[in-house]
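Just below is one structure, and these are the notes that go with it.
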Amino acid sequence: MSVQTSARPAPMQGPASLVEQFERGLDAPICLTWELTYACNLECAHCLSSSGRRDPRELTTGQCEAVIDELQRMQVFYVNIGGGEPTIRPDFWHLLQYAVDHQVGVKFSTNGVRMTPDRARLLASTDYVDVQISVDGATAEVNDYVRGPGSYATAITALENLAQAGFKDAKISVVVTRQNVTQLDEFQSLARKYGATLRLTRLRPSGRGAHVWDELHPLPEQQKLLYDWLVANGDDVLTGDSFFHLSAFGAPLPGLNLCGAGRVVCLIDPVGDVYACPFAIHDSFLAGNVLDGGGFRAVWQESELFTSLRSPQTGGACASCSFYDSCRGGCMAAKFFTGLPLDGPDPECVQGYGEQALAGERTLPAPSQDHSRTVATRNAPVLLQLTRRPDLAAPPVSACTESPLAGFSPAATTVPTKEA
Amino acid sequence: MTPLDEPWTLSASVALRPEPFGALAYHFGNRKLTFLKAPQLLEVVRLLAEHPDARSALVAAGVPTAQHRAYAAALEGLADADMVRRRVEVEGR
């Protein structure tokens, strides 16, 4: 989403600022994410929806069309479609056309597996569709480490097909990790190469991400690097406003610096459940289902959960922090899935309060859904890899080894010179 | 000549959604979302096409003269994002 807030005749006339208005919620979401299926050909280590296998209760084509009709009535201008891998659904292209025909624009995220030259040409012929290709490394090595073998090549082929079909301004969507945060300039070059725009988002400890967050989330010094890079390059890069926790480093980043969960954003999952935000697929943030009597509108406007999220929040432990106005306590989902209190600091608080909180006693919440494959396939990434200790040239020598050369390391042997 | 003396209209690919603070404007072509941060600005934007120039749209929406310059700036900001366009009048028809 590209958000502009310039068009305001000064001085401000309304009683409340825009941020305050948003905190109280809108009649319809600005930005709605809709995961169409839990099925996926990949098994990314950090998948925020723990996707893999289709859920038998997933919405039918007719039910999906009814949701689109309702979004049209509510004037939700566009939906972000994701999954799982949404293009795996046999009716995906039909639903795409149905949404566009009903004035609901579509931006969909894909790993590129179905982005054939034919499909790319079809997409290039419409104005209302935007495509995001997920890439989590500027090189195959870094990408495939978390997304699985071959996934980089698939994404690049998709980008090539889109560019060749004349599709303008696709998005390259990157989750920033400890491993790829040093590749930001390379991602930017990759985007330029395919006439695309770079989109960076924050790694959340949601779904399977909870298991790997400790190893993948950017280190504190990398957060500063990321912030500086965003300040320098922010105009050309989309962020989904997801790095507002970094605003406590200094000047706020462009975009909305607040948590929009249940206020301006929400998520519809493949079975029609409505959650407060795309990163909070958990019973604690479940507001209702689109198949309930009042449909999506009633869930958005009347559910108990969303009403409470829109009521005034206290800063809790963060209220006394002088940076509270910048980061507003950070990301609700990041706190929840790392077992931190929701009214305390973000686990990646740039003032260091997150690390203190993480060091204390906490219990990670049990997941309330998991559609991961039960048996790993050849597409599964392998994060834990066997390597030798870099400080040992050879395995340790046991006392009963018979080899006369055991323990002999030529490199370590110094040959006396004549001068000595 | 200022933008207020020119004829304007809302772009064809823009949809408006009224909100308590004003409105959301979404451009389906360039996919930009803009906040119109005052209900009166929404009214002005809606009236543009019916009036020979922006100034008379401002007057019709009841915007005080003192605020006209601020509205002219807002209009230009909206034009930069292609939310509104200068209307091309076809002469002699």
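The values are calculated or read from the model by the stated rules, or taken from the named source; none is laboratory data. A quick note: this is a predicted structure, and the numbers were derived from the prediction, not measured. Neighbour counts run over all protein chains shown; Cβ positions are idealised from the backbone, glycine included.
Observations on the model:
- Subset of region A:176-189 that is part of a loop (DSSP other than H, G, I, E, B) and not basic (Lys, Arg) - its residue that is surrounded by the fewest Cβ atoms within 10 Å (Cβ to Cβ): A:Gln179
- Taken over region B:68-77, the residue count meeting the criterion of being over 11 Å from B:Leu41 (Cα atoms) and within 8 Å of chain A (Cβ to nearest Cβ) is 2.
- Qualifying residue in region A:384-400 (condition: under 26 Å from the mean Cα position of the chain (by Cα), among the β-branched types (Val, Ile, Thr) and modelled with pLDDT under 90): no
- Hits in region A:210-251 (condition: over 21 Å from A:Arg362 (Cβ atoms), not aliphatic (A, V, I, L, M) and not in a helix (DSSP H, G or I)): A:Thr239, A:Gly240, A:Asp241, A:Ser242, A:Phe243, A:Gly250
- Test result for A:Arg192, under 16 Å from the mean Cα position of the chain (by Cα), on the phi < 0 side of the Ramachandran plot and surrounded by fewer than 17 Cβ atoms within 10 Å (Cβ to Cβ): no
- Filter result for B:Glu19 (acidic (Asp, Glu), modelled with pLDDT under 95 and crowded, with 18+ Cβ neighbours inside 10 Å): yes
- Note on region A:291-326: residues that are in contact (Cβ under 8 Å) with a residue 24 or more places away in the chain, closer than 24 Å to A:Val271 by Cα and assigned to a loop (DSSP other than H, G, I, E, B) total 2.
- Any hit, region A:267-290, residues being assigned to a loop (DSSP other than H, G, I, E, B) and more than 25 Å from the chain's Cα centre (by Cα): no
- Subset of region A:316-335 (residues that are among the small types (Gly, Ala, Ser) and more than 25 Å from the chain's Cα centre (by Cα)): A:Gly316, A:Ala317, A:Ala319, A:Ser320, A:Ser322
- Count - residues of region A:241-283 that are of a type in the set (S, T, N, Q) and within 23 Å of A:Leu36 (Cβ to Cβ): 1
- Flag if A:Ala99 is in a helix (DSSP H, G or I) and among the aliphatic types (A, V, I, L, M): yes
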